[in-house]
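Reading through the structure tokens given below for one structure.
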Amino acid sequence: MNNDSGPGLLTGLAGVMRRDLLLAWKRPGDVLNPLFFFAMVATLFPLAVGPGEQALVFSGPGVVWVAALLAALLSLHSLFLGDHEDGSLDQLILCPQPLPLLALAKALAHWMVSGIPLVVMSPLVAITYQMPAGTIAVMAATLALGTLSLSLVGSVGAALTVGLHRGAALLGLLILPLVMPVLIFGARTVSLAASGDGIAAGLYFLGAYCMLAVSLAPFATAAALRICNE
């Protein structure tokens with residue numbers, strides 16, 4: 001009996017992720033543009049509101065989270081666009097590997113390219129808001145969960161709008177209402193950490209939302225790709 005199905009699934013997952021990461025390496029602008037946007041928005045805000053410590057601590061979590069959310073949205077539209085233009089999307093759909101698994105691989109690759117760099121840069125941005133080290137660690141943890149959820153949920157919107165005229169604007173309208181709870185709980189959790197209150201509830205919510213996205217988003221993305229490809 002042939003028992004190669006397990007390794008085959010892992011090979012397909014790793015192969016798609018490796019391909020997308022290599023393409024991102026060859027197009028560094030796709031990675032750097034969201035980072036520059038995040039850094040500019042998050043660091044210009046303190047210059048506008050002034051150096052008051054209380055104002056910066058109060059507004060910092062929300063500003064950083066909104067900047068990270070919008071920066072991650074910049075690259076979502078291109079998640080399947082290149083595959084659609086060069087015909088690779090047809091090959092993904094016809095591939096013997098399960099399409100939800102391949103959609104999960106592309107979402108994970110997008111998170112590694114766009115989400116993880118935002119998480120790594122967030123401590124540097126948080127310094128401009130005079131956040132203590134403990135609060136910075138909480139911000140990095142919430143951003144890691146939040147950006148992963150955004151990549152997964154955003155892959156559904158990217159699949160629905162692939163090939164559409166002005167699909168980027170439509171993608172934002174589709175995704176922002178779905179990820180608004182992540183923004184609210186993420187920013188609120190960082191604010192609670194800054195004030196010394198409990199943060200467990202916020203982290204549990206973000207973790208649960210992320211697990212729900214991992215469980216459902218790949219199947220929704222696969223269904224959307226099949227519909228848009230008909």
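The values are calculated or read from the model by the stated rules, or taken from the named source; none is laboratory data. Model, not experiment: these values are computed from the prediction. Reconstructed Cβ throughout: ideal geometry from the backbone, glycine too, with neighbour counts over all protein chains shown. To get the accessible areas, we keep the full protein, side chains included, count just its heavy atoms, and leave off ligands, DNA and RNA. Shrake-Rupley method; radii C 1.70, N 1.55, O 1.52, S 1.80 Å.
Name the residue, out of Ala217, Ala208, that is among the aliphatic types (A, V, I, L, M), without any contact (Cβ under 8 Å) to a residue 12 or more places away in the chain and more than 21 Å from Val64 (Cβ to Cβ). Matching residue, one of Ala217, Ala208: Ala208.
For the range 195-212, a tally of residues being under 15 Å from Leu143 (Cβ atoms) and in a helix (DSSP H, G or I) returns 7.
Checked against (1) open to solvent by 60 Å² or more (accessible area, probe 1.4 Å); (2) touching a residue at least 60 places away in the same chain (Cβ under 8 Å), Gly186 passes all but condition (1).
Within the range 101-146, being of a type in the set (Phe, Trp, Tyr) and in contact (Cβ under 8 Å) with a residue 60 or more places away in the chain holds for one residue alone: Tyr129.
Against the conditions (1) under 21 Å from Gly146 (Cβ atoms); (2) in contact with a Ser or Thr (Cβ under 7 Å, 6 or more places away or on another chain), Pro46 satisfies every one except (1). Checking each residue in the range 195-230 for being open to solvent by 50 Å² or more (accessible area, probe 1.4 Å), among the small types (Gly, Ala, Ser) and within 14 Å of Ser155 (Cα to Cα) picks out only Ser215. Listed conditions (1) touching a residue at least 60 places away in the same chain (Cβ under 8 Å); (2) open to solvent by 30 Å² or more (accessible area, probe 1.4 Å); (3) more than 21 Å from Met112 (Cβ to Cβ); (4) of a type in the set (A, V, I, L, M) are all met by Ala169, apart from (1).
Output yes when any residue across the range 196-214 is of a type in the set (Ser, Thr, Tyr), within 20 Å of Gly62 (Cβ to Cβ) and over 18 Å from the mean Cα position of the chain (by Cα), and no when none is. Within the range 196-214, not a single residue is of a type in the set (Ser, Thr, Tyr), within 20 Å of Gly62 (Cβ to Cβ) and over 18 Å from the mean Cα position of the chain (by Cα).
The residue that is most open to solvent (accessible area, probe 1.4 Å), among those in the range 58-102 that are in a helix (DSSP H, G or I) and aromatic (Phe, Trp, Tyr), is Phe58. Looking across the range 105-158, the residues that are farther than 15 Å from Thr43 by Cα, aliphatic (A, V, I, L, M) and either open to solvent by 40 Å² or more (accessible area, probe 1.4 Å) or not in a helix (DSSP H, G or I) (or both) come down to Leu108, Met112, Ile116, Val120, Ala133, Ala137, Ala141, Leu145.
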